[in-house]
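Below is one structure, written out as structure tokens; comments come after it.
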Amino acid sequence: MGRKIERKSVRIGIALIVGILFFMISEMTLMGYFENQSINEHIVVAEKYLTIQQSVEYMMMDNVNLIKGLGAYIQMNDTYTDDEIQEILRILYDDRLDEVRNVGVIEDTTVRWVFPLKGNEAIIGVDLAAIPEQVKGILKVKNNLETGIYGPIDLVQGGKGFIVRIPIKKNDVYWGMGSVVLNADHAFQFLSDFETAHHVKILLTHTGNPSEVIYGDPAILEQQPMRFGADTNAMLWDTYMLPKDGWVDTHAIWLFLSFVFLIATGLIVHSIYAWLTKYTTVMDDNIQMRMLSNTDTFTGIFNKNYFNLCAKDEIMRSDRSENPISLLYFDLDHFKEINDTYGHARGDEVLLGVVDLVKQKLRANDIFARWGGDEFIILLPYTDLAGASVVAEKIQRAIEGMAMDGGERVTASIGIAERAHFEFWESWFRRTDEALYQAKVNGRNQYAVSNHQHNPRILKRIVWLQIWDCGVPEIDKAHRDLTVYCNELVMSSFDSSNIDETIRLAGQLLDETKHHFEMEIQYLREKAYPQVEAHAALHETLYQSTKKLYDGLIKHEYDSVELLNYLKDYVIIGHLVNADQHYRQYLH
């Protein structure tokens, strides 16, 4: 009993010496470490999934290429005999004996030819659009002219199979489709072999419905697997995957290390904390280097993450030097149509061509990055709005000079914005994005600008200057705190999904403002400031106006930008900086 009391006293003494804050930081360090371990595990599983995805896509392309020759034959010939088509189908089938159950041709939505015929007689002459299980896939190919893989499907002739279908056009009008029926057992054996070779467990279900199992044990869903949704025509299923033996359980280790932190002396706790901090920093850096590279792997220019790091540095440099800095944000007009019409390979060539053209128009210190898909972003240091417009026009004309095989032009829409001094990155990017949208609304193949000198919705960071201090420590601290609260409120407002937190911070700032006004008036009365009542009336006017905007924010009558700009222009700059100058002179 005495030893228990002694140990409890030691734990309490250590907690009091180290402090609650230090203990929380230590726990957060441990949690961060194990979270990094979990991230590494998930990265390995994700890489293995990509291997499966690539295999399926390669398989689909092999079968698409297999049937394209047949489609070309039908397109180029007005007449053909059953024997001719059957011979072509036989040749195609012989190339894929192990994995293909049959190959066929569908005229409109009715099966006309199939090879081998033996075992597949029941499918000849069947209108697949009349079969409930196949009508959706058939009509998708017919109406959208999309190549896709569907299944596993209960086949009319018996058994199950995966079906690859590619549309066939004749005289630029839909004629029918080529069809390759893959052996479902072969596909399932591939997944089984993959599980064994890579030490993972796999569950395959129909998209959005985990209860409709295609392959695997549904019990996997109870073990928190990674889910990979169907996002391409090549994979129309949801894939769940986790390590064969499940995720590593780090709970026991975490409890042990927490106990060590709890009972160790102040010196030991401090040493362990310092070591873990250094260790986790190294781990974080290594993981970040593995997960994020500086460049986009496809185009070779900077990627989004590295661009954000560079933008942060350039913004700090611009604020210090007060040199102009501008942003260009653009994407290619109707790029999806290019992919759909000419194929993704040609679309990739267009992206690379655009990147090469744009790089020729930029300076060495300009920062050019791929934002995602066909979207690109350029940061122009030491460049004002007029200079950025010149660059945008050069880029627009260069891209406009590109042409597709059919003579169609490649064009781009560009948004431009010069950053206002101390403007938040989120505000600056939002204006650039809005300018890009305006360029599209105006008809595309042009650029639009966001003028930072005539935009009431710009949100700037407030920096309190020492020359604004009045010399009263309590008042000066309150002024600085209100500035910090205002900046935090601005940062919160950029997350539109977190309006409740924005309202909470706005309410906190309103309360702090009221408390500061009361404290300041009390101090001025003690100092017999002659204009104290007029100053108090001004406080009341500012408070009521702010409260009205706050109440309107809650009722969605005003948005956060109106409240934020009022706080900045009237409360912080207009009053704390300018109006308070009068009593500063009196106090001095």
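The values are calculated or read from the model by the stated rules, or taken from the named source; none is laboratory data. Note that the structure is a prediction, hence the values are computed from the model and not measured. Every residue, glycine among them, receives a Cβ derived from its backbone with ideal geometry; neighbour counts consider all protein chains shown. Accessible surface is based on the protein model in full, side chains and every heavy atom, while ligands, DNA and RNA are left aside. Shrake-Rupley method; radii C 1.70, N 1.55, O 1.52, S 1.80 Å.
For G158, only one of the following conditions fails: (1) over 14 Å from G137 (Cα atoms); (2) buried (at least 16 other Cβ atoms within 10 Å of the Cβ). What is its number?
Only one criterion in (1) over 14 Å from G137 (Cα atoms); (2) buried (at least 16 other Cβ atoms within 10 Å of the Cβ) is unmet by G158, namely (2).
Take the residues in segment 167-202 that are assigned to a strand (DSSP E or B) and open to solvent by 20 Å² or more (accessible area, probe 1.4 Å); name whichever of them is nearest to G119 (Cα to Cα).
N183
From the list R584, R504, which one is touching a residue at least 12 places away in the same chain (Cβ under 8 Å), in a helix (DSSP H, G or I) and more than 20 Å from P456 (Cβ to Cβ)?
Exactly one residue qualifies, and that residue is R584.
Output the residues belonging to segment 70-93 that are assigned to a helix (DSSP H, G or I) and surrounded by fewer than 11 Cβ atoms within 10 Å (Cβ to Cβ).
M76, D82, D83
For F335, are the conditions met, namely being touching a helix residue (DSSP H, G or I) at 6+ places or on another chain (Cβ under 9 Å) and free of Cβ contacts under 8 Å to residues at least 40 places away in the same chain?
In short, yes.
For the list (1) of a type in the set (A, V, I, L, M, F, W, C); (2) more than 28 Å from the chain's Cα centre (by Cα); (3) closer than 25 Å to I554 by Cβ, I need the number of the one condition that I458 fails.
(2)
Taking interchain pairs and intrachain pairs at least six residues apart, which have beta carbon atoms under 8 angstrom, with the first residue in segment 437-452 and at negative phi and the second assigned to a loop (DSSP other than H, G, I, E, B) and surrounded by fewer than 15 Cβ atoms within 10 Å (Cβ to Cβ)?
A448/N442
Only one of (1) open to solvent by less than 70 Å² (accessible area, probe 1.4 Å); (2) in contact with a His (Cβ under 9 Å, 6 or more places away or on another chain) fails for E518. Which number is that?
In the conditions (1) open to solvent by less than 70 Å² (accessible area, probe 1.4 Å); (2) in contact with a His (Cβ under 9 Å, 6 or more places away or on another chain), E518 misses (1) alone.
Could you pull out the residue among I67, I43, I52 that is of a type outside the set (S, T, N, Q), at pLDDT 80 or above, within 28 Å of I149 (Cα to Cα) and surrounded by 15 or more Cβ atoms within 10 Å (Cβ to Cβ)? Even if it seems obvious, please write down each step before you answer.
Numbers: I67 fails: at pLDDT 80 or above; I43 fails: surrounded by 15 or more Cβ atoms within 10 Å (Cβ to Cβ).
Going through I67, I43, I52 in turn, just one is of a type outside the set (S, T, N, Q), at pLDDT 80 or above, within 28 Å of I149 (Cα to Cα) and surrounded by 15 or more Cβ atoms within 10 Å (Cβ to Cβ): I52.
Pairs only if they're at least six apart or on different chains, beta carbon under 7 angstrom, first in segment 536-554 and touching a residue at least 40 places away in the same chain (Cβ under 8 Å) and farther than 13 Å from F517 by Cβ, second of a type in the set (S, T, Y) and assigned to a helix (DSSP H, G or I); list them, first residue then second.
Between residues of segment 536-554 that are touching a residue at least 40 places away in the same chain (Cβ under 8 Å) and farther than 13 Å from F517 by Cβ and residues that are of a type in the set (S, T, Y) and assigned to a helix (DSSP H, G or I), the close pairs are L553/S560.
Among the residues of segment 395-406, is any polar (S, T, N, Q) and open to solvent by 10 Å² or more (accessible area, probe 1.4 Å)?
Of segment 395-406, the ones polar (S, T, N, Q) are 396.
With the extra rule that they be open to solvent by 10 Å² or more (accessible area, probe 1.4 Å), the set shrinks to 396.
Looking for residues that are polar (S, T, N, Q) and open to solvent by 10 Å² or more (accessible area, probe 1.4 Å), one finds at least one in segment 395-406, hence yes.
Within segment 416-447, count every residue that is hydrophobic (A, V, I, L, M, F, W, C), open to solvent by 10 Å² or more (accessible area, probe 1.4 Å) and more than 24 Å from the chain's Cα centre (by Cα).
Of the residues in segment 416-447, 2 are hydrophobic (A, V, I, L, M, F, W, C), open to solvent by 10 Å² or more (accessible area, probe 1.4 Å) and more than 24 Å from the chain's Cα centre (by Cα).
Hey, among the residues in segment 452-469 that are outside any strand (DSSP E or B) and touching a strand residue (DSSP E or B) at 6+ places or on another chain (Cβ under 8 Å), which one's surrounded by the fewest Cβ atoms within 10 Å (Cβ to Cβ)?
If we take residues in segment 452-469 being outside any strand (DSSP E or B) and touching a strand residue (DSSP E or B) at 6+ places or on another chain (Cβ under 8 Å), then R461 is surrounded by the fewest Cβ atoms within 10 Å (Cβ to Cβ).
Residues of segment 218-269 being among the acidic types (D, E), open to solvent by 70 Å² or more (accessible area, probe 1.4 Å) and either at pLDDT 70 or above or touching a Lys or Arg at 6+ places or on another chain (Cβ under 6 Å) (or both), which ones?
Across segment 218-269, the qualifying residues are E222, D245, D249.
If we keep just the residues of segment 133-151 that are more than 32 Å from the chain's Cα centre (by Cα) and not hydrophobic (A, V, I, L, M, F, W, C), which is most open to solvent (accessible area, probe 1.4 Å)?
Top of the filtered list is E133.
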